[in-house]
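Read the structure below first, then the notes.
Nothing in this text is a laboratory measurement; each read-out follows from the coordinates by a stated rule. What you see is a predicted model, and the numbers here were worked out from it, not measured in a lab. Glycine gets a Cβ as well: all are built from the backbone with ideal geometry, and neighbour counts include every protein chain shown.
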Amino acid sequence: MHILFALLGAIGAIAFFLWRINMGVRAARELADAAGEAANLPRKMRFRSRSKKRGVDVIDDAREAGAVILYGAAKSAGEVDSLVKAFLSEAMSARFNVDAASAAELTARAAWHLNSLNDPVSVLNRMTDLVASQAGADALADLDAVMAELGEGGPVDADAFERYRAQYRRRAGLGSR
């Protein structure tokens, strides 16, 4: 009988040690998961803060801001058709030093940003300031030149287009026409 108790005691001791090793492995896994989450926390927080903003609020590239400004000028003049989009893409390709596919993508993103807004003028100041800080006064003058070419096409709503362009020129510090 004493051999049976010794055998049961040995099995119990082995089971206890296996249980303690299993608990240690679980604790190590939880620590590794927590360390992974802590390392990922800054990226996760940046994503959360950006996901709560409108599309135009996350723009931080001068080219994309310029595309929004130009598309906003076209949208303020009336409906933006495929000819106007092609004109904007060509102008961006020439002035932003990007290929035609990238210029078309910039035009599409600008359309996406502005189609959710009622008034393209609402983001004009922020976009103009972004272009001014990243690309300088020459880029602001180039955008105005493209707007002038766009206006020569006879926009549908010339008054709204001129108001948009005048506000842009004031914010960009380009003076009056």
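Points worth noting:
- Lys, Arg +1 and Asp, Glu -1 on Cβ, resulting dipole of the stretch 1-153 about Cα centre, debye, nearest 20: 1340 debye
- Candidate membrane-span-like segments in the chain, meaning DSSP H helices with Cα atoms spread over at least 15 Å of their own axis and a Kyte-Doolittle mean of 1.6 or above, do not occur, with no membrane implied either way.
- A convex hull fitted around the alpha carbon atoms of the stretch 1-143 yields 180 Å³ per residue.
- Selection among L114, I59, A34 by position relative to the dipole of the chain gives A34 as farthest towards the positive end (Cβ unit charges, Cα centre).
- Across the stretch 94-177, counting alpha-carbon atoms alone, Rg and Dmax equal 13.1, 34 Å.
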